[in-house]
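Just below is one structure, and these are the notes that go with it.
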Amino acid sequence: MGDGLAWPISFEARYGAGHDRTLVLGGGGVVFVAWLTGYLGELSHLGVDVAAADRIVGTSAGSLLAGVVAAGHLNRVGRVLRLLAGRPALISRLAPAGEFYYAEPYHQQYLEANPNGYCGLGGTGVSCPVGLAEAG
């Protein structure tokens, strides 16, 4: 094929071929794991069998939860998170917050200084009319 330097590949998207239902979970850290656990748990409570997907994939935090859903442990993880949520003193002892660092000055009130938003994407359409308290 060709000059032998490159092997041509097809970019035709067929990764979903043969799958009727796929569950795709994004990333977002530990907060997203908690939020998504609650969200998927509520879908399950409403009768949506999220574990019945033919394929379950995720990235970052979503990959962790994809494994939980595929193994059938969504309700178990939900119970543990609810238990921990009711014990903030325990959490603060197990994982104490570190020192807080403010972002660089040019990131403070970023959208006020850059009304077109990040990377010229056209802004978020969100405003903060109340403002923020001064750091002290």
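The values are calculated or read from the model by the stated rules, or taken from the named source; none is laboratory data. Quick caveat, the model's predicted, so the values are computed rather than measured. Heads up, the Cβs are rebuilt from the backbone with ideal geometry, glycines too, and the neighbour counts pull from every protein chain shown.
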Next item on the list: Exactly one condition in (1) of a type in the set (S, T, N, Q); (2) closer than 30 Å to I91 by Cα; (3) modelled with pLDDT under 85 is not met by S10; state its number.
Entry: (2)
Next item on the list: Go through the residues of region 15-31 one by one and say whether even a single one is within 17 Å of the chain's Cα centre (by Cα), in a helix (DSSP H, G or I), modelled with pLDDT under 90 and among the β-branched types (V, I, T).
Entry: yes
Next item on the list: Pick out, from region 35-129, the helices (runs of 4 or more DSSP H) lying fully within it that include 1 or more residues that are exposed (fewer than 13 other Cβ atoms within 10 Å of the Cβ) and either aromatic (F, W, Y) or at pLDDT below 90 (or both).
Entry: 74-85, 88-94, 110-113
